[in-house]
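Heads up: the structure comes next, in structure tokens.
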Amino acid sequence: MKYSYIYLFLLMLTLHLACSVLDPENGNDQEKEQNSLLGLLALSRTSTATSTQTNQKFPTPTCEVSAPAFSTLKEAGFETTCGQSGCHVTGGSGASRYRTNVYSEVLAYANTGVPSTSALYREQSSGSMAIYTTQAIDKAIYCWISGGAKP
């Protein structure tokens, strides 16, 4: 029952976002509102996460390195898969959220030490970005967040 109210709220928020995006009279304020709502949506999804995920694309990774650096994401293909595809790069459709090669922007979507409650990990492992990810990227993001999301 508790989660049905949360999902109803998220549905209403999504509908509001869709309506404001489709309104041609909103101008630049529209983009600011959209970015604010996307941030709010990411935060609300973070707060409703459970400690175990049931619909992950890959099994929960095992990390060989206790505190991997941000560069391990690039080595796993994070920039080429998510960045160079025209999304999470400057001027890309996902750049309003973060660019894959900018540590501080990616860090903003990580709950350091707890991948299962991090918007970044959840979206790419079981959310809307799961269809684009690879097991190497999944593991790199999981281990980077688990290890403290080091630069």
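Residues are listed down the side, and each one gets a yes or a no for (1) at pLDDT below 90; (2) closer than 23 Å to LYS150 by Cβ; (3) surrounded by fewer than 17 Cβ atoms within 10 Å (Cβ to Cβ):
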position	(1), (2), (3)
SER71	no, yes, yes
PHE78	yes, yes, no
THR81	yes, yes, no
LEU107	no, yes, no
GLY113	no, yes, yes
GLN124	yes, yes, no
TYR132	yes, no, yes
Would you pick out the residues in the range 50-69 that are of a type outside the set (Val, Ile, Thr), modelled with pLDDT under 85 and surrounded by fewer than 16 Cβ atoms within 10 Å (Cβ to Cβ)?
SER51, ASN55
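The values are calculated or read from the model by the stated rules, or taken from the named source; none is laboratory data. Everything quoted here is computed from the prediction, not taken from an experiment. Glycine gets a Cβ as well: all are built from the backbone with ideal geometry, and neighbour counts include every protein chain shown.
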